[in-house]
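In what follows, a single structure is set out as structure tokens and then discussed.
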Amino acid sequence: ADIKDDQNQEFEIKEKGVLISSTGFLEKTKGIDILIKAFNKINHPNCWLLIFGDGSQKEYLKTIAGPKVKFYGQVNYKYIPSIYKQSDILVQTALWPEPFARILLESTFFGKPILATNVGGNPEGVINGKNGFLVNNEEELKNQLEILINDQKLRQKMGKESKEIFRNKFKKEKLIAKIIDCYKN
């Protein structure tokens, strides 16, 4: 499915400050517990971790979440562009090697810095140190998150890099895939 940038579907995020968002299923393999634990260790007065999605781990995750973690539950996909635009940092903490997570494609499209686990297809969407950071454990996640929270210029620079990566890498691949489909048919 194409990424839609529909201005009319606003989603109201009440929290203000540096907004770190995670979207997806709340299952063990998604590593949201590691994200919450890393975020809880960050002492910054003006940042929030926003969790969008639902799953079997939701109640457990709520028990480990600190006061600056907000659960929004499952949201309609039409609000995802609005959520991404309002977010300052997007996080993808899958623990198993997913081929390529849609969140990476969307994060680059909307020009956001990305923190992702160094597994599966994540290195395709995150060039470490350029448009975000690839992390291997909770400590690295905490450290890199802290760097991004405290450095607005770096977030903006990495966001621009994400847009470039989308333009140079994913738009062409989409075109190539369409051409291959034509030859197959």
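The values are calculated or read from the model by the stated rules, or taken from the named source; none is laboratory data. Remember, it's a predicted structure, so these values are computed and weren't measured experimentally. Cβ placement follows ideal geometry from the backbone for every residue including glycine, while neighbour counts extend to all protein chains displayed. Just so you know, the surface numbers come from the protein's heavy atoms only, side chains and all, with ligands and any DNA or RNA stripped out. Shrake-Rupley method; radii C 1.70, N 1.55, O 1.52, S 1.80 Å.
Table for the structure above
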{"quantity": "Trp96 being touching a residue at least 24 places away in the same chain (Cβ under 8 Å), over 25 Å from Gly159 (Cα atoms) and either part of a strand (DSSP E or B) or not β-branched (Val, Ile, Thr) (or both)", "calculated": "yes"}
{"quantity": "Given (1) farther than 23 Å from Gln86 by Cα; (2) surrounded by 21 or more Cβ atoms within 10 Å (Cβ to Cβ), index of the condition Ile176 fails", "calculated": "(2)"}
{"quantity": "Every residue from the range 72-86 that is polar (S, T, N, Q) and under 17 Å from Lys163 (Cα atoms)", "calculated": "Ser82, Gln86"}
{"quantity": "Pairs with Cβ under 8 Å, 6+ apart, first in the range 31-54 and over 11 Å from Val69 (Cα atoms) and of a type in the set (D, E, K, R), second open to solvent by 10 Å² or more (accessible area, probe 1.4 Å) and part of a loop (DSSP other than H, G, I, E, B)", "calculated": "Asp33/Gln57; Asp54/Phe25; Asp54/Gln74"}
{"quantity": "All positions within the range 114-139 that are within 19 Å of Ser21 (Cβ to Cβ) and among the acidic types (Asp, Glu)", "calculated": "Glu138"}
{"quantity": "Members of the range 117-130 that are open to solvent by 10 Å² or more (accessible area, probe 1.4 Å) and either of a type in the set (A, V, I, L, M, F, W, C) or in a helix (DSSP H, G or I) (or both)", "calculated": "Val119, Pro123, Glu124, Ile127"}
{"quantity": "Whichever residue in the range 45-57 is within 23 Å of Asp88 (Cα to Cα) and open to solvent by less than 60 Å² (accessible area, probe 1.4 Å) and, among such residues, is farthest from the chain's Cα centre (by Cα)", "calculated": "Cys47"}
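Table: residues versus (1) charged (D, E, K, R); (2) part of a helix (DSSP H, G or I); (3) exposed (fewer than 13 other Cβ atoms within 10 Å of the Cβ); (4) within 16 Å of the chain's Cα centre (by Cα).
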position: Leu105; (1), (2), (3), (4): no, yes, no, yes
position: Thr108; (1), (2), (3), (4): no, yes, no, yes
position: Leu115; (1), (2), (3), (4): no, no, no, yes
position: Leu141; (1), (2), (3), (4): no, yes, no, yes
position: Glu161; (1), (2), (3), (4): yes, yes, no, yes
position: Glu164; (1), (2), (3), (4): yes, yes, no, no
position: Phe170; (1), (2), (3), (4): no, yes, no, no
